[in-house]
Amino acid sequence: MGKTVIALQPARGALAPPAAAARAQGAALPVDTRGRTLRDLRISVTDRCNFRCTYCMPKDVFGDDHAFLPHAEILTFEEIVRIARIFHALGTEKIRLTGGEPLLRRGIETLVAMLREAVPGVDLTLTTNGSALKARARALREAGLDRITVSLDSLDDTTFRAMNDVDFPVARVLEAIDAAEAAGLAPVKVNMVVKRGVNDHQVVDMARHFRGSGRIVRFIEFMDVGSTNGWRMDDVIPSAEIVRRISAHFPLVPLEPQYGGEVAQRWRYADGAGEIGVISSVTRAFCSSCTRARLSTDGQLYTCLFAQQGYDLKRMLRDGSADERIEGAIAAIWEARADRYSEIRTAATAKERKVEMSFIGG
Ligand code: SF4
């Protein structure tokens, strides 16, 4: 799996760490070494996926004999909710459920409802490949999900079936997007990872298809996530080129960010047909405003998508530690955080062993 985990072993019965005690007295929320708050939490609820996208879970690595996490290692819904509540106390305003494919986690609607009740003020979202969404969109909305992002790398059926590598058709993802919108999970965002020579010929078609629909396509530069996707800089289509290609057909105008730390740069169609986003993780790193923490399926905290090590929160969840102690540990981890991988990426760092995206969510 390519992950290192650091166990946090506070002495039992000791006083709560200073950070938690200070916050209890009204002190400021934790800020990392570069001044970034802990605004977002991505929670991976399963390491399994029914797709084998070549850039995320390639079949030759995640084959039939791949050992996924045993059930006992996976955080329970109660543990996830407890962690979410603690993060909320530390300033987290947005929670995204990811995977793997989160809809493969049995009873995910129940988890959504539990989170909605436990942390009512947070923005609660989910990223899915859409394969099981059509029948469940309404239940997710009724459980309290605010919005949804659907991954769709091509509108061309042959290209899409090849990219997901399980022969899944585009039409069913498009039906799922319709269902999500009808259920009130709007605006639906559609994420397209663009890889040169694989699906970049589809960029303009994707823009054309969703223009004027109210759905927002976000074009994502192909990244060196994990250790298995064979990333090369040559495979990256820079966002500036994506904007140029689309603009040649449908002129685009830049939009101001809606909030500090917004991942996508937003552009609107000059003719009023909606907007797109580009996520330039490779060519225009946004580490300086990155407020995202990631919780893996088995309860490890990662402070960067490209991290090589995590921190073992599950152990604290299961060893009788009080919330204050866990809160203090998370605050201390965050306050020591210095991550800025995308700012220092090179061909050499791309080859380093990193945690797989299917394990911590994208
Ligand atoms: S590379 Fe790490 S620190 Fe930089 S934006 Fe991505 S997740 Fe955040």
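The numbers here are math on the coordinates, done by the rules we state, and not lab data. These numbers come from a predicted model, not from an experiment. Here the Cβ is made from the backbone with ideal geometry for all residues, glycine too, and neighbour counts use every protein chain on show.
Go ahead and estimate [θ] at 222 nm for the chain from helices alone: -39,500 (n - 2.57) per DSSP H run with n ≥ 4, summed, over the residue count, rounded to 500. Please list the in-between numbers first.
Details: 12 runs with 105 residues, N = 362.
Result for the chain: -8000 deg cm²/dmol, rounded to the nearest 500.
Pulled fully out, how much extra length does the chain show between D146 and D64, if you take 0.36 nm times their separation in residues and subtract their Cα-Cα distance?
26.0 nm
Need one word for region 161-297: rounded, prolate or oblate. Basis is the Cα gyration tensor (sqrt eigenvalues a ≥ b ≥ c); a/c below 1.5 gives rounded, then a/b vs b/c decides.
rounded
Mind sorting E221, E78, E181 by how few other Cβ atoms lie within 10 Å of their own Cβ, fewest first?
The most exposed by this proxy come first: E78, E181, E221.
Please state the shape class of region 120-185: rounded when a/c is under 1.5, otherwise prolate if a/b exceeds b/c and oblate if not, all from the C-alpha gyration tensor.
prolate
Measure nothing fancy, just the Cα-based angle from helix 77-89's long axis to the longest principal axis of the chain, in degrees from 0 to 90, nearest 10.
Its long axis makes an angle of about 80 degrees.
Of Y269, Y311, Y302, which is the most mobile in a GNM of the chain whose springs link Cα atoms less than 10 angstrom apart?
Top of the fluctuation ranking is Y269.
Nearest 5 is fine: what % of DSSP beta bridges in the chain come out antiparallel, could you say?
Looking only at bridges with both residues in the chain, the antiparallel portion is about 30 percent.
Please work out, to two decimal places, the log10 of the ratio I(q)/I(0) at q = 0.06, 0.12, 0.13, 0.14 Å⁻¹ from a Debye calculation in which every Cα of the chain carries one identical scatterer.
For the chain, the Cα-only Debye profile gives -0.21, -0.89, -1.06, -1.24.
Sketch the reach of a paramagnetic label on D157 as a point 7 Å from Cα along Cα-to-Cβ, and name the residues of region 167-210 whose backbone nitrogen lies under 11 Å away.
Residues passing the 11 Å test: 169-172.
Quote the relative contact order of region 191-287 in percent (integer), defining contacts as alpha-carbon pairs under 8 Å separated by 6+ residues.
32
Around I220, which amide H atoms from residues at least 5 apart in sequence, or from another chain, sit under 5 Å from its own amide H, with H modelled in the peptide plane?
M192, V193, V194, I279
Is the C-alpha gyration tensor of region 236-279 telling us rounded, prolate or oblate? Criteria: a/c under 1.5 is rounded; beyond that, a/b larger than b/c is prolate, otherwise oblate.
On the way: a/c = 2.92, a/b = 1.18, b/c = 2.47.
Oblate, since a/c reaches 1.5 and b/c is not below a/b.
When only Cα pairs under 8 Å and 6 or more residues apart are kept, what is the percent relative contact order across the chain?
26 percent.
Write down the radius of gyration of region 72-112 and its Dmax, each obtained from C-alpha positions, in Å.
Cα radius of gyration and Dmax of region 72-112 are 10.9, 29 Å respectively.
Given labels modelled 7 Å from the Cα in the Cβ direction, how far is it in nm from Q258 to T110?
Between Q258 and T110, the label points sit 3.2 nm apart.
Can you tell me how much longer the chain between M233 and L29 gets when fully stretched, taken as 0.36 nm per residue apart minus their C-alpha distance, in nm with one decimal?
So the chain would gain 69.7 nm between M233 and L29.
Is there a quick way to get the dipole size of the chain? I mean about its Cα centre, with the Cβ of Lys and Arg at +1 and of Asp and Glu at -1; what is the value in debye to the nearest 20?
Value, rounded to 20: 420 debye.
Any chance you could count the Lys pairs in the chain whose alpha carbons are under 26 Å apart, treating pairs 8 or more apart or on different chains as valid?
18
In nanometres, what is the gap between the two model label sites at E175 and H71, each 7 Å from Cα along Cα-to-Cβ?
3.0
From the phi of every residue in region 282-292, what ³J(HN,Hα) in whole Hz does the Karplus formula 6.51 cos²θ - 1.76 cosθ + 1.60 yield, where θ is phi - 60° and glycine or proline is x?
8, 8, 8, 4, 10, 4, 4, 10, 7, 10, 9
Report the gain in length on full extension from A347 to H249: 0.36 nm times residue separation, minus Cα-Cα distance, nm rounded to one decimal.
31.9 nm
Can you tell me the relative contact order of region 226-340? Whole percent, Cα pairs under 8 Å, sequence separation 6 or more.
In percent, rounded to a whole number, it is 16.
Could you please report the charge total around V170, scoring K, R as +1 and D, E as -1 over all other residues with beta-carbon less than 15 angstrom from its beta-carbon?
Every neighbour counted, the sum reads -3.
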